[in-house]
Amino acid sequence: MKRLLQYAAWNWSMGRGPVSFLLGLGAAVECILLFAAAASPNQSHLGYGDLVESAGVLWVVAAVYLALPLCAQIPQEIAARHTHASCTALTLPMPRWALIAGRALSVLLWFVTGMALQIVLLTVMWGPTTALQDSVCAGCFQFDVTAKGQLWWALADCSLMRVMIPTDWVGMLFTAIMLLVPSLLLPSALVHSGWKRTAAELAALADQAILTVLMFQALVWNIGWEQIVQSLQHSRAMAVSALIVAAIATVLVAWGLWSVHRAELAE
C-alpha cells in the first residue's frame with residue numbers, strides 16, 4: 001500500500017504543470033464570463049445561479065472536466081517516450097494492477113482539487129458579480145435596487161454548486177461516479193499500445209462525454225438526481241445510456257488489468 005500511495009503521489013506531482021495551467025485557464029475564463037454577464041443590463045435581473053448558467057460557465061466546466069484526465073497523464077507519457085525499456089514503470093516492485101490504481105488515484109485527486117477550486121471560485125466571485133449587477137441596475141432604474149440575497153442562499157440556488165456539494169445520498173452517488181469513472185478509464189487505456197491504445201482512449205473519451213451530458217441535464221434543466229433515477233426507470237434512452245457507460249467502463253478497466261497481467265507473465 002505504501003508503494004502504491006508513493007506511485008500515486010509521484011503521478012500527481014508529475015501532472016502539476018499541465019493541470020495547474022488547465023485549472024488556472026478555466027478559472028480565468030470563468031471570471032471573465034461572469035463579469036461580462038454581470039455587466040450586461042439584460043442580465044441584471046438574474047440571480048447568481050442563473051447568471052452562472054447564462055454566462056457560459058457550465059461549458060468551461062465541461063471542457064475542463066473532459067480535458068483534466070489527459071492533462072494529468074501527459075507528463076508521464078512524454079517521459080515514457082524518452083525512457084529505456086529497463087526504466088519503465090513495469091519494472092517497479094509492485095503488483096501490475098497498482099500501475100492503473102496509482103494513476104487513477106492521482107487523477108481522482110486532481111478532480112477533487114479542481115472541485116475545491118471551483119467551489120472557492122464560485123464563492124469568491126459572488127461578491128464582485130453581485131456588486132457589479134447592483135451598479136448596473138442603479139444606472140438603469142430610478143429606484144433603489146434591493147439586495148439579491150445572502151451568499152448562502154445564492155450558492156444554494158446555484159445548480160453547479162449543488163452537483164459539487166450534494167445534499168442527499170443519490171447526489172453523492174452520482175458525483176462519486178462522475179469522479180471515479182474518468183479517473184479509472186484513461187489510466188486503463190494508457191497501458192495498451194498501438195491501435196488498442198487508440199481504441200481504448202476513444203472509448204474512454206466517449207464514456208466521459210456521456211457522463212458530461214448527464215451532468216448537463218442536471219445543471220441546465222435543473223433536474224434533480226431523483227428525477228434522473230426516475231428517468232432511468234422509465235426512459236429507454238436514459239437506461240441505454242447508463243448501460244453503455246457501465247459497459248464501457250467495465251470493459252476498459254478489465255481490459256487494462258488483463259493487459260498488465262499479461263505483461264507481468266511475460267517477464
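The values are calculated or read from the model by the stated rules, or taken from the named source; none is laboratory data. Quantities reported herein were computed from a predicted structural model and do not represent experimental measurements. Please note: Cβ atoms are built from the backbone with ideal geometry, for glycine as well, and neighbour counts cover all protein chains shown. Keep in mind that these areas ignore ligands, DNA and RNA; they rest on the heavy atoms of the full protein, side chains included. Shrake-Rupley method; radii C 1.70, N 1.55, O 1.52, S 1.80 Å.
Just a few scattered comments:
- Failed item, numbered, when Gln217 is tested on (1) at pLDDT 75 or above; (2) open to solvent by less than 90 Å² (accessible area, probe 1.4 Å); (3) in a helix (DSSP H, G or I); (4) over 30 Å from Pro41 (Cβ atoms): (1)
- If the condition is being open to solvent by 40 Å² or more (accessible area, probe 1.4 Å) and modelled with pLDDT of 75 or more, then region 254-267 contributes Ala254, Trp255, Leu257, Trp258.
- Candidates Trp12, Trp59 - the one that is modelled with pLDDT under 85, under 16 Å from the mean Cα position of the chain (by Cα) and either aromatic (Phe, Trp, Tyr) or open to solvent by 60 Å² or more (accessible area, probe 1.4 Å) (or both): Trp12
- Single residue of Val191, Val181 found to be assigned to a helix (DSSP H, G or I) and surrounded by 14 or more Cβ atoms within 10 Å (Cβ to Cβ): Val181
- Unmet requirement for Thr250, which otherwise passes all of (1) modelled with pLDDT of 75 or more; (2) among the polar types (S, T, N, Q); (3) over 26 Å from Val64 (Cα atoms); (4) loosely packed, with under 15 Cβ neighbours inside 10 Å: (3)
- Helices (runs of 4 or more DSSP H) (entirely within region 1-54) containing at least 3 residues that are under 19 Å from Gly127 (Cβ atoms) and of a type in the set (A, V, I, L, M): 16-38
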